Amino acid sequence: MKSCRRLFLRCLRLGHRRKCRFLGRFLDYLRYGRLCVVSLAYNSFTNSDVIIDSLFEPIYWLVDHVTRWFGIVFVALVIILTSSIVLIVYICVLPLILQTYSTSWICWHVCYGHWNLIMIVFHYYKAITTSPGYPPQNKLDIPSVSVCRKCIAPKPARTHHCSICSRCILKMDHHCPWLNNCVGHYNHRYFFSFCLFMTMGCIYCSISSRVMFQEAYTAIEKMKHQDKAMLQVAVNETYNQTPPPSFSFRERAFHKCIIYLWVLCSSVALALGALTLWHAMLITRGETSIERHINKKERKRLHAKGKVFNNPYSYGRCQNWRIFFGVEIEQHWISRVLLPSSHPPDGNGVTWNAPSWTQNKQKSLLAI
């Protein structure tokens with residue numbers, strides 16, 4: 001009897017020990033899993049901005065990949081729309097100009113229109129085909145201000161990583177889907193010149209065709225009224241009445257092309273003109289689109305401390321424009337700005353020193 005009692009108590013103790021041991025192991029595994037999760041997610045720099053960026057990372061990834069794959073579509077759309085406007089000008093507008101305008105006005109329209117068209121085509125082609133510039137990969141002694149978190153490589157001043165191109169870009173301004181290319185150190189001038197001359201061309205077409213647009217709009221309204229009258233005659237079956245004269249297919253196509261020309265050019269002039277003015281302001285300040293936001297935050301931070309922020313890459317308004325266009329002498333305003341030119345920008349995009357033909361200004365603070 002005693003032996004049975006001892007055996008029973010021993011079994012209870014063993015079961016209790018096994019149960020406690022199993023529960024202890026389960027709690028240990030639970031603590032270990034929690035420690036792993038915390039260790040993977042822990043970062044001393046984690047804040048609300050980092051959490052929001054992490055949550056929106058799938059959306060960023062989707063937008064980047066859509067922009068990357070649709071870049072060719074955007075380029076084709078620019079070429080198609082521009083070509084359609086040029087064809088309408090040659091087929092519809094230019095014959096009227098040759099028939100109704102004086103010789104001096106004909107020379108003006110022919111010379112200015114073709115010059116503007118050449119500048120648009122040249123700068124758009126160069127903006128698409130010219131590489132924006134990448135940091136050298138084989139050199140280890142390049143001056144850098146930080147290390148790119150995605151490329152794991154030294155990042156020179158004014159260089160930023162493009163998530164669409166998956167590369168670091170020298171003096172990156174932005175990634176333009178209409179170019180299917182990044183806007184950086186080596187093609188920034190081509191991009192801005194294209195925007196400028198495209199805006200000028202659209203304004204020129206809108207102003208030149210405004211009278212034709214008014215006449216075409218009136219003719220289209222008259223067409224609508226005549227179509228309604230003809231439909232009413234057909235419904236009432238009054239065949240003895242003479243139907244109103246109708247416009248021919250050529251006249252209808254002509255008026256619709258004029259309306260398409262004016263509406264498209266006016267819309268592009270407003271939208272692209274605003275973008276051109278924005279970039280002109282940035283060039284005047286010696287900044288890029290990315291540096292605009294960075295310098296704004298730095299300016300507020302220093303203002304709170306009673307200090308003044310100085311942009312180290314700004315050499316004055318006129319000098320900034322000269323550096324941007326590469327105007328070293330006065331004749332370059334014609335040969336490098338008003339005429340197609342493939343001259344490279346000043347510097348290599350890695351180091352940023354004032355050109356020899358400008359007044360060197362020492363700055364007290366670097367903008368990264």
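The values are calculated or read from the model by the stated rules, or taken from the named source; none is laboratory data. Note that this is a predicted model, so its numbers are computed, not measured. Here the Cβ positions follow ideal geometry from the backbone for every residue, glycine too, while neighbour counts run over all protein chains shown. Accessible surface is based on the protein model in full, side chains and every heavy atom, while ligands, DNA and RNA are left aside. Shrake-Rupley method; radii C 1.70, N 1.55, O 1.52, S 1.80 Å.
Odds and ends about this structure:
- Residues that are open to solvent by less than 30 Å² (accessible area, probe 1.4 Å) and either more than 19 Å from residue 311 (Cα to Cα) or in contact with a helix residue (DSSP H, G or I) (Cβ under 8 Å, 6 or more places away or on another chain) (or both) within the range 176-188 comprise 176, 179, 181, 182, 183, 187, 188, listed in sequence order.
- Residue within the range 336-350 that is over 24 Å from residue 124 (Cα atoms) and either open to solvent by less than 50 Å² (accessible area, probe 1.4 Å) or in a loop (DSSP other than H, G, I, E, B) (or both) present: yes
- Hits in the range 117-141 (condition: in a helix (DSSP H, G or I) and surrounded by 18 or more Cβ atoms within 10 Å (Cβ to Cβ)): 119, 120, 122, 123, 124, 126, 127, 128
- Candidates 283, 323 - the one that is more than 30 Å from residue 216 (Cβ to Cβ) and either in contact with a Pro (Cβ under 8 Å, 6 or more places away or on another chain) or open to solvent by 60 Å² or more (accessible area, probe 1.4 Å) (or both): 323
- Cross-chain or 6+ apart pairs with Cβ under 6 Å, the range 99-114 first and within 17 Å of residue 201 (Cα to Cα), then of a type in the set (Lys, Arg) and modelled with pLDDT under 95: none
- Checklist (1) within 16 Å of the chain's Cα centre (by Cα); (2) modelled with pLDDT under 90; (3) of a type in the set (Asp, Glu) applied to residue 173, failing item: (2)
- Residues within the range 310-331 that are in contact (Cβ under 8 Å) with a residue 24 or more places away in the chain and either under 16 Å from residue 157 (Cβ atoms) or of a type in the set (Asp, Glu) (or both), tallied: 8
- Single residue of the range 142-174 satisfying the filter (in contact with a helix residue (DSSP H, G or I) (Cβ under 7 Å, 6 or more places away or on another chain) and part of a strand (DSSP E or B)) that is surrounded by the fewest Cβ atoms within 10 Å (Cβ to Cβ): 174
- Test: residue in the range 98-106 that is among the small types (Gly, Ala, Ser) and surrounded by 13 or more Cβ atoms within 10 Å (Cβ to Cβ): no
- Just one of the listed residues (277, 264) is in a helix (DSSP H, G or I) and touching a residue at least 24 places away in the same chain (Cβ under 8 Å), namely 264.
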